[in-house]
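The values are calculated or read from the model by the stated rules, or taken from the named source; none is laboratory data. Here the structure is a predicted model, which means the values were calculated and not measured. No Cβ is skipped: glycine too gets one built from the backbone with ideal geometry, and neighbour counts run over all protein chains shown.
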């Protein structure tokens with residue numbers, strides 16, 4: 001073969017090899033996308049920067065901003081409180097301040113504390129969620145019955161969700177710690193056979209369920225309880241008998257929030273951050289203003305948008321560079337980040353909506369943890385983001 005033909009063949013084979021390598025290299029795949037951004041810092045400098053300043057939909061990576069604001073505002077060891085009042089008529093009133101973890105086991109603790117206060121008879125249960133505006137509606141929340149679409153209320157049990165099993169016309173709770181209530185039974189009978197995990201749909205339904213569940217817990221503990229339930233503000237003259245402090249710290253709430261991407265917990269924190277002194281009535285607009293102001297003061301950001309605290313809304317906008325600035329600040333809390341399955345050198349939060357695939361966190365390079373952000377706003381292979389993150393470790 002003449003030399004010029006051999007040289008041409010070598011060049012062609014080299015080009016084919018480069019094309020094949022690009023097709024398999026995850027970073028190259030990202031850099032071939034029009035609606036994607038990637039930024040990796042190494043030693044404080046840009047190591048990889050692709051469209052890093054373009055604002056994009058962050059999906060659930062938005063929870064990192066909410067988590068950071070909560071941790072910086074209240075501290076790792078902060079514990080939420082719920083106030084219990086007793087009226088002269090024997091009614092028990094519960095006033096909520098957006099504790100996102102009033103789960104069944106926590107209600108058991110609350111009931112035990114009430115018993116220690118000498119409560120033996122309850123004429124009715126009043127529910128006061130006036131800390132939130134009654135018209136609060138989470139931006140981006142859909143009307144599905146999935147747990148991730150649960151309504152967010154200032155007083156909520158079990159994340160405003162139900163875990164049930166239906167067999168024929170029989171319904172039972174799927175959790176030994178959670179008694180079946182009238183509302184839960186109705187939901188179970190309206191659903192299909194087998195296991196059901198659904199949300200409580202609306203504020204008033206969620207509040208009534210809280211009252212039913214608390215009543216059932218009180219009865220199980222031997223307290224006489226009438227079934228009357230009322231949704232209203234604590235009446236004048238009612239006396240504070242208990243300020244229940246949640247057994248979980250903020251750290252113990254945020255770690256699973258990031259691990260399991262809890263929209264309910266994130267947006268409860270988001271709304272609660274609108275008024276850290278528990279004064280006034282919180283609205284979605286006040287929460288959006290509060291978080292926007294926090295980010296502007298802390299990071300000096302411009303050209304971004306905060307629409308909700310969980311990343312449900314497609315109106316949220318952050319750039320990869322803004323996300324990495326957040327991760328630089330989040331470094332003291334890196335232990336709260338999820339570890340990527342199969343790769344301990346990656347600690348990162350996913351973000352997923354239809355046509356949105358994001359990943360933001362830290363990769364370990366030469367023994368040091370470095371921040372990265374990947375924001376893809378077009379349909380891609382589900383596993384691409386994890387392959388990208390793993391490739392960034394070397």
*Search segment 97-114 for residues that are under 21 Å from residue 264 (Cα atoms) and pair each with any residue that is surrounded by fewer than 16 Cβ atoms within 10 Å (Cβ to Cβ) and modelled with pLDDT under 95 when their beta-carbon atoms are under 9 Å apart and the residues are at least 6 apart or on different chains.*
97/278; 98/278
_Residues located in segment 96-117, provided they are in a loop (DSSP other than H, G, I, E, B) and either touching a helix residue (DSSP H, G or I) at 6+ places or on another chain (Cβ under 9 Å) or modelled with pLDDT of 95 or more (or both)_ = 96, 97, 98, 99, 100, 101, 102, 103
*Look through segment 261-274, keep the residues that are farther than 12 Å from residue 153 by Cβ and within 8 Å of the chain's Cα centre (by Cα), and return whichever of them is surrounded by the most Cβ atoms within 10 Å (Cβ to Cβ).*
266
*asked:* Filter segment 350-394 down to the residues that are under 19 Å from residue 42 (Cα atoms), assigned to a strand (DSSP E or B) and touching a helix residue (DSSP H, G or I) at 6+ places or on another chain (Cβ under 8 Å) and list them by number.
replied: 359, 360, 361, 362, 363, 369, 371, 372, 373, 374, 375
*Are there any pairs with C-beta distances below 8 angstrom linking a residue in segment 34-48 that is in the same structural domain as residue 318 (by TED's automatic domain parsing) and at positive phi to a residue that is modelled with pLDDT of 95 or more and surrounded by 13 or more Cβ atoms within 10 Å (Cβ to Cβ), with the two at least 6 apart or on different chains, and if so which?*
43/370
*Keeping to segment 76-95, report how many residues are within 19 Å of residue 236 (Cβ to Cβ) and part of a loop (DSSP other than H, G, I, E, B).*
4
*Read through the list (1) within 16 Å of residue 95 (Cα to Cα); (2) in the same structural domain as residue 61 (by TED's automatic domain parsing); (3) out of contact with any strand residue (DSSP E or B) (no Cβ under 6 Å at 6 or more places or on another chain), then give the number of the only condition that residue 237 fails.*
(2)
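Can you tell me which residue among 239, 219 is without any contact (Cβ under 8 Å) to a residue 12 or more places away in the chain and more than 20 Å from residue 307 (Cα to Cα)?
Exactly one residue qualifies, and that residue is 219.
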*Do we have any residue at all in segment 42-57 that's farther than 16 Å from residue 326 by Cβ, modelled with pLDDT of 95 or more and in a helix (DSSP H, G or I)?*
no
*Complete set of residues in segment 148-174 that are under 22 Å from the mean Cα position of the chain (by Cα) and either surrounded by fewer than 20 Cβ atoms within 10 Å (Cβ to Cβ) or more than 26 Å from residue 313 (Cα to Cα) (or both)*: 148, 163
*Keeping to segment 180-207, report how many residues are crowded, with 18+ Cβ neighbours inside 10 Å and touching a residue at least 40 places away in the same chain (Cβ under 8 Å).*
6
